[in-house]
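Have a look at the structure below before the remarks.
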Amino acid sequence: MHSVVSTFLDRLAERFTAILAGVVSSRVESLRAEAQAEQISYRCQARWRSRPARQCVVWLATEVASHAFGGTARGELRHPTQATHDLGVAAVWL
């Protein structure tokens, strides 16, 4: 009987150790990914800090045009910083 309990406890300890190792490994990977994301974010922000601001013409679609293409906009920007974000993303792709 003692042998059965001992074997059971050994297997339980092995499984618990494996589960705990998986949790720790997952957390370490998460921290690495977070550090990488912070580095990438810093590089992207630094790239835009070195460029001077300049004026440009921006065209906004009317409410009718927005609806024609599946949008919901009313021909205005709800958040003024949205324009700089959209222009920055467009600059990356154009």
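The values are calculated or read from the model by the stated rules, or taken from the named source; none is laboratory data. In this text the structure is predicted, and so the values were computed from the model without any measurement. Because the Cβ atoms are built from the backbone with ideal geometry, glycine has one as well, and the counts that use them run over all protein chains shown.
Brief remarks on what is shown
- Meets criteria (touching a residue at least 24 places away in the same chain (Cβ under 8 Å) and of a type in the set (Val, Ile, Thr)) for residue 4: no
- Residue 13, sole failed condition from (1) under 18 Å from residue 86 (Cα atoms); (2) modelled with pLDDT of 75 or more; (3) over 17 Å from the mean Cα position of the chain (by Cα): (1)
- All positions within segment 50-66 that are part of a loop (DSSP other than H, G, I, E, B) and either surrounded by 11 or more Cβ atoms within 10 Å (Cβ to Cβ) or in contact (Cβ under 8 Å) with a residue 40 or more places away in the chain (or both): 60, 61, 62
- Test: residue 76 is assigned to a helix (DSSP H, G or I), free of Cβ contacts under 8 Å to residues at least 60 places away in the same chain and among the acidic types (Asp, Glu): no
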